[in-house]
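Notes follow once the structure below has been shown.
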Amino acid sequence: MKVHRAAQNLSANAAKDDPATPDLRRISVECERLGGINLAQGICDTGLPRVLRDALISAVDKGFNTYVRLDGIAPLRRAIARKAKRINGLHVDADRHVLVTAGATGGLFSSFWVLISPGEEVIVFDPSYSYYAHLLRRVGAVPKFVNLKEESFALVPERLTSALTKKTSAIILNSPANPSGKVFTREELEFIASIARRNSLIVFTDEIYEHFLYDGRKHISIATLPGMWERTVTVSGYSKTFAITGWRIGYVLCREDWVRRIGYVHDLAYVCAPAPMQWAVADAINILPSSYYTELARSYERKRSMLIESLHRTGLKPVCPEGSYYIMADASALPGRTGWERAMYLLRRSKVATVPGSAFYHDESGACLLRFCFAKTDSVLSEACHKLERAAGRQQR
Ligand code: PMP
C-alpha cells in the first residue's frame, strides 16, 4: 500500500506544481469537442521525409527489432558525431561522447538524475518549457526562475547574477527556445558561460530546435565556448527536425565519464531508444542533403510570416520569434481574468486552441500572453488564420 500512496503523492504533486498540463489537456479536449484546430500542443504534424519511412520499413524487415547497446547503435552514434562536427562545431568521439536517448526528454531526465543532487538549485529562464521544472522537482532539485526581459526576451545579466546562491549547481539553457522563440546571442551565451565557469556550474543546453532559425540567424552551441565542453551537457534530437515526435530519438553529447553515468540511468529507465527508429534516423542523417535543413528553416519562416501577419490583423500583438516554432502573442485585448479564460474565449470564438502564457511562467508575467504553435501543414495553418481573423471580425462588429 505504501507504493500505492507514493504513486498517488507523485501524481498529486505533479498536478499541483504544473499549471501547464491540465490546461493543455483541457484545452485540447475542448478543441477536439468543438472540431477546432489545435495550435496549442507542439505536435509536429507536417509529415516526415520519405527516406525515414523507407529506412524504418527496411530496418523492421531486416529484423532490427531487438534491444540494442545502451548507448545506441554505432551507425547512429557515428552519424550524430559527424553532424555535431558539421553543424555544431563540436568534435566528439562517437564511442565516448554520444549517448542515444529516448527522445531529448529521456536525455534530460537521465542527465538531471545523475548530475543534480537533491536540494541543489538550478537556474531556469522563464518563460520556459514546463518539463524542466517538473523533471528538476522529480529529482529533488529546486528550480530558480529568472525572467527574461519582457517582450524582447533578452537576458538581463543582473537577474541571473542575483539568482545565484551557494546552492546553485546548474543552468538550463534552451536556444532556440520554447515558448518564446528566443535565440540567445553570442554575447548572452558568453555571459552565461562566464557565470558557469566562475561558479563551477553545469550547463544543460536543450538544442532540439537548432534547425528552426529565422532571418539568417546561426545556431551556437554553448559547449563550443572556451572551457565549456567539460561542464556542458548538450541535449538534442530528431522529434522536430524530422517531424517524428512519436519515434523517441534524442541524444546527449558530453564528456566520457558523464556519458557512462547518464547511460547507466538511461538504461535503467528506458533500456534503449527504439531500435528500428535508430537505424532509420541514422540513414536519414547520412542521406539527407544540407538543403533539407535550409529548406526546413525556409518553410517554417514562411509559416511564421503567415501566422504573424494574421495575428496582427486580429489585434493579438505577436512577438516575432527568432527560432523554434511558437509565437507568443499579447491577448490582453481578449476578455477574461486569466490566461486560461482568454485561451478558452479564443477557442470558443474562433475554434483555434492555444496555450495560456501562464503555463510557461512561475509568476504573473504570462497572464496576458497566449502561445501559438505553427508546426502545421500550410493548409491547416491557413485555415487556422482564417478562423482567427473571421472571429476577430465578428468581435469588432
Ligand atoms: N525540449 C523542448 C524545448 C521541447 O519543446 C520539446 C517538445 N515539446 C522537447 C524537448 C521534447 O523533445 P523529445 O520529443 O525529443 O523528447
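What follows is calculated from the coordinates using simple rules that are stated; it is not laboratory data. Computed from a prediction, not measured in an experiment: that's the story for all the values here. A quick note on method: Cβ atoms are made from the backbone with ideal geometry, for glycine too, and the neighbour counts reach across all protein chains shown.
Here's the list of lysines a cross-link from LYS218 could span, going by alpha-carbon distance under 21 Å and ignoring same-chain residues fewer than 8 apart: LYS83, LYS85, LYS182, LYS240, LYS303. Just to confirm the number: angle between the C-alpha axis of helix 290-314 and the first principal axis of the chain, 0 to 90 degrees, nearest 10? Approximately 20 degrees, to the nearest ten. To the nearest Å, what is the center-to-center distance of the stretch 268-329 and the stretch 102-131, using C-alpha atoms only? If we compute the Cα centre of each part, the gap is 22 Å. For the chain, a crude dipole built from +1 on the beta carbon of Lys and Arg and -1 on the beta carbon of Asp and Glu, taken about the Cα centre, is about 500 debye to the nearest 20.
Here's the picture: charge each Lys and Arg Cβ at +1 and each Asp and Glu Cβ at -1 in the stretch 57-147, and of VAL142, GLY72, GLY119 the one pushed furthest to the positive end of that dipole is GLY72. Per-residue ellipticity at 222 nm computed for the chain from its helices equals -14500 deg cm²/dmol, with DSSP H segments shorter than 4 residues left out and the rest contributing -39,500 (n - 2.57).
Multiplying the residue separation of ARG96 and TYR264 by 0.36 nm and removing their Cα-Cα distance gives an extension gain of 59.1 nm.
Computed from backbone phi, the HN-Hα couplings of the stretch 162-174 come to 6, 8, 6, 9, 5, 8, 5, 10, 7, 10, 9, 10, 9 Hz, rounded to whole numbers (Karplus: 6.51 cos²θ - 1.76 cosθ + 1.60, θ = phi - 60°; Gly and Pro given as x).
With a ≥ b ≥ c taken as the square roots of the eigenvalues of the C-alpha gyration tensor of the stretch 175-286, please select rounded if a/c is under 1.5 and otherwise prolate if a/b is larger than b/c or oblate if it is not? Taking the square roots of the gyration eigenvalues as a ≥ b ≥ c, the stretch 175-286 is oblate.
Computed extension gain for ILE43 through ALA74, at 0.36 nm per residue and net of the alpha carbon distance, reaches 8.3 nm. Extending 7 Å from Cα along the Cβ direction at SER382 and again at ASP215 yields two label points whose distance is 2.6 nm. Whole-percent P(r), the stretch 88-231, all Cα pairs, 10 Å bins from 0: 11, 43, 39, 7, 0.
Spacing of the modelled spin labels on VAL29 and LYS166, each 7 Å from Cα toward Cβ, amounts to 4.7 nm. For trypsin sites (Lys or Arg not before Pro), the sites in the stretch 195-227 that DSSP calls loop and that have at most 11 other Cβ atoms within 10 Å are LYS218.
Mind jotting down the distance between the C-alpha centroids of the stretch 216-235 and the stretch 23-89, whole Å? Cα centroid to Cα centroid, the span is 24 Å. A P(r) calculated from all alpha carbon pairs of the chain, with 20 Å bins opening at zero, reads 27, 59, 14, 0 percent.
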